[in-house]
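Engineer: My structure is below; once you've seen it, I'll send some questions.
The values are calculated or read from the model by the stated rules, or taken from the named source; none is laboratory data. Predicted, not measured: the structure shown is a model, and the values here were computed from it. Every residue, glycine as well, gets a Cβ built from its backbone with ideal geometry; the counts of neighbours run over all protein chains shown.
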Amino acid sequence: MIWTLVVLPVVLMLVGFPIFLVLLASCAATMAFTMHVPLVALQQYLFSSVNAYALLALPFFIFAGELMDRGGIAQRLVDLMRASMGRVPGKVPLTAITGGAVFGAITGVGAASVATLSKVMLPSLREDRYSDAYASGLLVSVGAVGVILPPSIPMIVYAAAADESIPRLYAAGIVPGLLIIGMIALHALWIGRKHVISASEVFSIRRFLTAMRRGIWAAGVPVLIIGGIYGGIFSPTEAAGVACLYAFIVSWGVMRELTLADLLDAARTTVAFSAQIMVVIACAGVFSWLITVNQISSQLVDWVQQMALQPWVLLLAINVLLLIVGCLIDPLSAILLLTPLLLPMITALGVDPVHFGIIVTVNLAIGLFTPPFGINIFVMQSMSGVGLSTIYRGIVPFLLIYLMALMLITYIPAISLSGVTILMGK
């Protein structure tokens, strides 16, 4: 069984097979040659893995993000944030940070945030004489915050893999996300002291009111999603559907910037991306079932307990593993692949599964912009034309900021769990 569940997947990944084929081939080989289970069971478990109500939120949130990107909502939010600032050092980077956090929180997809931010904010950063290295490093790192703040798509997938509550994970992600945003903002303030152009723009009540009038409907999106979930009005899945409807009404009926062609293109993109995610979830569900029924997880737990590792040492080792994996494969595949293996070990040491979900999410968010394969890097390069070596150079300070935040989040559980206590009372 080691050959089919461990050696075969590694070989197939090294050869370059897509992750869903890696998992599917490993599962089929294990069931056929070591367990002698009828292959019809493979089909049954593939279907049951995606037959979950919570997973309906995935295509809805993706579609909502696509509509908001094409309907001008993101641009109006950024304009509103910039108009609300006066003589603040680092005004343009702070606008990019705030805009990236808000738009990332709306879409839950890091790459979408980077694509939107690079179109909206990169010209302004260049106009204020920020280097391409700093600008690109800022935008790719801020784009990663979107997978930490609710409604995070990786958190939905983790909830399905770990059988955890989506609202609890969303609540737990708020404080860590704000912590990272605050640390990046402090760095932007420090860098912005040298840029007098952005600091000299005086606050104008007229400009602010104009931006407010244009962006008030756009600002309602995050309020609707987060307020609706924690106000008990609707579930995360229902919130995703409401977000789609709201984005369509605002973009089409109020702002009149969404065309029929944009609507169809958003639908096509949503279907393609959702299909990619769902096929991986289906195959990973079978892989997780095989790990469970063959007691591989329990054997790993016994092995870790025999080593008598301190919890902080195990958490450090898991962080290193997740950082490496996050550089090589996408976050959703990593969550589905590693959660069944790591979660039993963590819970055996008394670590809260929700806290661990935030640790996993932050690690994989870092992987989105870690050289050489972070997807945010390639999105930035394709959207801006900035060379990869320049982007790599600009990433370094933000990578250090994220790693410092990761250590705080890992070893101070209250950073994650305080949001659950405040919003849900438990």
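Engineer: Can you find a residue in the range 303-317 that is farther than 25 Å from Ser141 by Cβ, among the aromatic types (Phe, Trp, Tyr) and in contact (Cβ under 8 Å) with a residue 40 or more places away in the chain?
Structural biologist: Scanning the range 303-317 turns up at least one residue that is farther than 25 Å from Ser141 by Cβ, among the aromatic types (Phe, Trp, Tyr) and in contact (Cβ under 8 Å) with a residue 40 or more places away in the chain.
Engineer: Among the residues that make up the range 143-160, is at least one of them in contact (Cβ under 8 Å) with a residue 24 or more places away in the chain and over 22 Å from Leu322 (Cα atoms)? Can you show your working first?
Structural biologist: So in the range 143-160, the residues in contact (Cβ under 8 Å) with a residue 24 or more places away in the chain come out as 143-160.
Pick out the ones that are also over 22 Å from Leu322 (Cα atoms) and you get none.
No, there is no match, as no residue in the range 143-160 is in contact (Cβ under 8 Å) with a residue 24 or more places away in the chain and over 22 Å from Leu322 (Cα atoms).
Yes/no matrix, rows are residues, columns are (1) among the polar types (S, T, N, Q); (2) farther than 27 Å from Met424 by Cα; (3) more than 19 Å from the chain's Cα centre (by Cα):
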residue: Gly232; (1), (2), (3): no, no, yes
residue: Pro236; (1), (2), (3): no, no, no
residue: Ala239; (1), (2), (3): no, no, no
residue: Ala243; (1), (2), (3): no, no, no
residue: Val250; (1), (2), (3): no, yes, yes
residue: Leu260; (1), (2), (3): no, yes, yes
residue: Leu264; (1), (2), (3): no, yes, yes
residue: Arg268; (1), (2), (3): no, yes, yes
residue: Ala272; (1), (2), (3): no, yes, no
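Engineer: Identify the residue in the range 207-233 that is at pLDDT below 80 and assigned to a loop (DSSP other than H, G, I, E, B) and, among all such residues, is farthest from Gln75 (Cα to Cα).
Structural biologist: Only one residue fits best here, namely Gly232.
Engineer: Out of all the residues in the range 1-27, which are under 18 Å from Val280 (Cα atoms), surrounded by 13 or more Cβ atoms within 10 Å (Cβ to Cβ) and at pLDDT below 75?
Structural biologist: Hits for the range 1-27 are Leu5, Met13, Ile19.
Engineer: Could you say which residue among Arg82, Arg70, Arg87 is modelled with pLDDT of 75 or more and either surrounded by fewer than 24 Cβ atoms within 10 Å (Cβ to Cβ) or of a type in the set (S, T, N, Q) (or both)?
Structural biologist: Arg70
Engineer: Okay, moving on. Sort out which residues of the range 40-82 are without any contact (Cβ under 8 Å) to a residue 24 or more places away in the chain and closer than 21 Å to Leu337 by Cα, and write them in order of number.
Structural biologist: Ala41, Gln43, Gln44, Asn51
Engineer: Let me ask another. From Thr34, Thr30, grab the single residue that is surrounded by fewer than 18 Cβ atoms within 10 Å (Cβ to Cβ) and touching a helix residue (DSSP H, G or I) at 6+ places or on another chain (Cβ under 8 Å).
Structural biologist: Answer to the selection: Thr34.
Engineer: Turning to a different aspect of this structure: Among the residues of the range 90-108, write down those that are modelled with pLDDT under 70 and either surrounded by fewer than 24 Cβ atoms within 10 Å (Cβ to Cβ) or outside any loop (DSSP other than H, G, I, E, B) (or both).
Structural biologist: Gly104, Ala105, Ile106, Thr107
Engineer: Does Asp163 satisfy being touching a helix residue (DSSP H, G or I) at 6+ places or on another chain (Cβ under 6 Å) and of a type in the set (D, E, K, R)?
Structural biologist: So Asp163 fails the test.
Engineer: Also, quick follow-up: What single numbered condition from (1) touching a Pro at 6+ places or on another chain (Cβ under 8 Å); (2) assigned to a loop (DSSP other than H, G, I, E, B) fails to hold for Ile174?
Structural biologist: Looking at each condition in turn, Ile174 falls short on (2).
Engineer: Something else now. Between Val325, Val420, Val386, which is touching a residue at least 40 places away in the same chain (Cβ under 8 Å), over 16 Å from the mean Cα position of the chain (by Cα) and either surrounded by fewer than 21 Cβ atoms within 10 Å (Cβ to Cβ) or not in a helix (DSSP H, G or I) (or both)?
Structural biologist: Val386
Engineer: Tell me the helices (runs of 4 or more DSSP H) entirely within the range 1-88 that contain at least 2 residues that are touching a Ser or Thr at 6+ places or on another chain (Cβ under 9 Å).
Structural biologist: By residue number, 8-15, 19-33, 57-70, 73-83.
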